[in-house]
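Working notes, structure below.
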Amino acid sequence: MDKIKVLVVDDEARMRKLVSDFLTKQNYQVLEAEDGEKALDVFFENNDISLIILDVMMPKMDGWTTCKMIREYSQVPIIMLTAKNAENDELQSFDLGVDEFIAKPFSPKILVARVQALLRRSGAEGGEDKVAVGGITIDKMAHEVEVDGKKIDLSFKEFELLTYFVENAGIALSREKILNAVWNYDYFGDARTIDTHVKKLRSKMGEKGDYIKTIWGMGYKFEV
């Protein structure tokens, strides 16, 4: 079986080697790029990259620009690495479609755990069955969603969020619980992160977006 490919993008050779060594030990195939322009070249030359680890501050093309360009063509999971930890930087990253945000310095073991969790949820490490409710069909293995028989284009995080809502239909979910479940770690930033994703998700779902009910002062509930 072919190894899962992970693209590591960072202008620091030492950082690329550190991350690469830990991922290689977990049997991933690691591709590297030292800046955003090179990352785009590598990404489009390899059509089977399953995840990207992307630094923000790089020469030629920064991580945000690189992410934006990749998102025009692909919903591949992206983990953003940055020396910054300002709340606005995190919100900007999530708005661009970043799936995880990790501030430097970080534990390589934690990074690997995040990679494994993202790949499991994206279906790269084992697929699951379809889920159907109220005219919405979620194919976890293909990572596709249909609403009334029509496919809708969701980002990776929007897909995860909808799946979590559907699998917990009828249950009132706090923002904290949603963040911990969907983002897969304790997130202490602004709850607007979740509200932004819900707003986009509702919009893409059309009339079915009304299934996602707002519980004022708490969070959300999916109800058909």
*Might you tell me the accessible area per residue for the chain, computed with a 1.4 Å probe and given in Å²?*
49 Å²
*R0 = 25 Å: FRET efficiency of K68 with I215, Cβ-based, nearest 0.05?*
0.15
*Global form of the stretch 1-48, assessed from the alpha-carbon gyration tensor, a/c cut-off 1.5*: oblate
_Suppose R0 equals 30 Å. What FRET efficiency, 1/(1 + (r/R0)^6) with r the Cβ-Cβ distance, do K3 and K60 give to the nearest 0.05?_
0.55
*Using the Cα atoms as the points, what is the convex hull volume per residue of the chain in Å³?*
117 Å³
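The values are calculated or read from the model by the stated rules, or taken from the named source; none is laboratory data. As the structure is a computational prediction, the values presented were derived from the model and not from experiment. Here Cβ is always computed from backbone atoms with ideal geometry, including for glycine, and neighbour counts include all displayed protein chains. Each accessible area value is taken on the protein alone, full model and side chains, heavy atoms only, with ligands, DNA and RNA left out. Shrake-Rupley method; radii C 1.70, N 1.55, O 1.52, S 1.80 Å.
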